[in-house]
């Protein structure tokens, strides 16, 4: 298995993570200010989770599923953050994600890393489309995406509608479920207006920031009405 490529920019080196990065990942991503912006980052950040995550990178890239790089300082080699492209449910499409240590916010680092990483992906992988998303409460991420040439397509609805049509009509799924935190009103509205039905509350489902959080359970069936189709009929 070949070693994943490193990518250099004016200030940065985007390189594969190594086992020795585990403690730095735990320290940087475990900062509450970073973790609250990324739903998949646990807080508090448990021991060993970073090392286990890093151990999956090489095989996942070899299979063409995800491409993950450490964002590091070219001069010092210090770990600054992470950038990732993950294959979506559509064959030639990937989703861009990233996080950065709070000490390096506002310095154009993610913009520089993302420009180089997306350009590399279009040359070296089969991806023909790269997409991303951000919380409406985090407009800075939206500005980063615009700077690297992405176009705003909407607030999740159109992407969700296309995915639902594909899963129900092309793949043949019968039921799709979704889970949101009870205080995440934008996600509740998104699911409700796109045909999902509220099915109940899952009590104390997740531990985040030393407290247990309830989640709402939603589901949609292939036979349920699709509001976006009714609007265009």
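Only the coordinates and a few stated rules stand behind these numbers; no lab work does. These numbers come from a predicted model, not from an experiment. Because the Cβ atoms are built from the backbone with ideal geometry, glycine has one as well, and the counts that use them run over all protein chains shown.
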Residue 165 label point, 7 Å along Cα→Cβ, cut-off 17 Å on backbone N: hits in the stretch 62-102?
89-91
For the chain, list log₁₀ I(q)/I(0) at each q in 0.18 Å⁻¹, using the Debye formula over Cα point scatterers of equal strength and ignoring solvent, two decimals each.
-1.50
How would you rank 120, 177, going from fewest to most other Cβ atoms within 10 Å of each one's own Cβ?
177, 120
Separation of the stretch 167-233 and the stretch 43-89 by C-alpha centroid, Å?
29 Å
If 169, 192, 31, 210 are placed from fewest to most neighbouring beta carbons inside 10 Å, the sequence is 210, 169, 192, 31
Mind giving me the nanometre distance, one decimal, between the label points for residue 8 and residue 107, set 7 Å out from Cα along Cα→Cβ?
2.0 nm
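What list do you get for 203, 226 if you sort them by fewest beta carbons within 10 Å? Show your work: numbers first, answer last.
Values: 203 10, 226 15.
Ranked by crowding around the Cβ, least crowded first: 203, 226.
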Note to self: C-alpha centroids of the stretch 7-32 and the stretch 97-122 sit apart, in Å, by 12 Å
Under a plain spin-label model, where a point goes 7 Å from the Cα along Cα-to-Cβ, how far apart in nm are residue 40 and residue 128?
2.5 nm
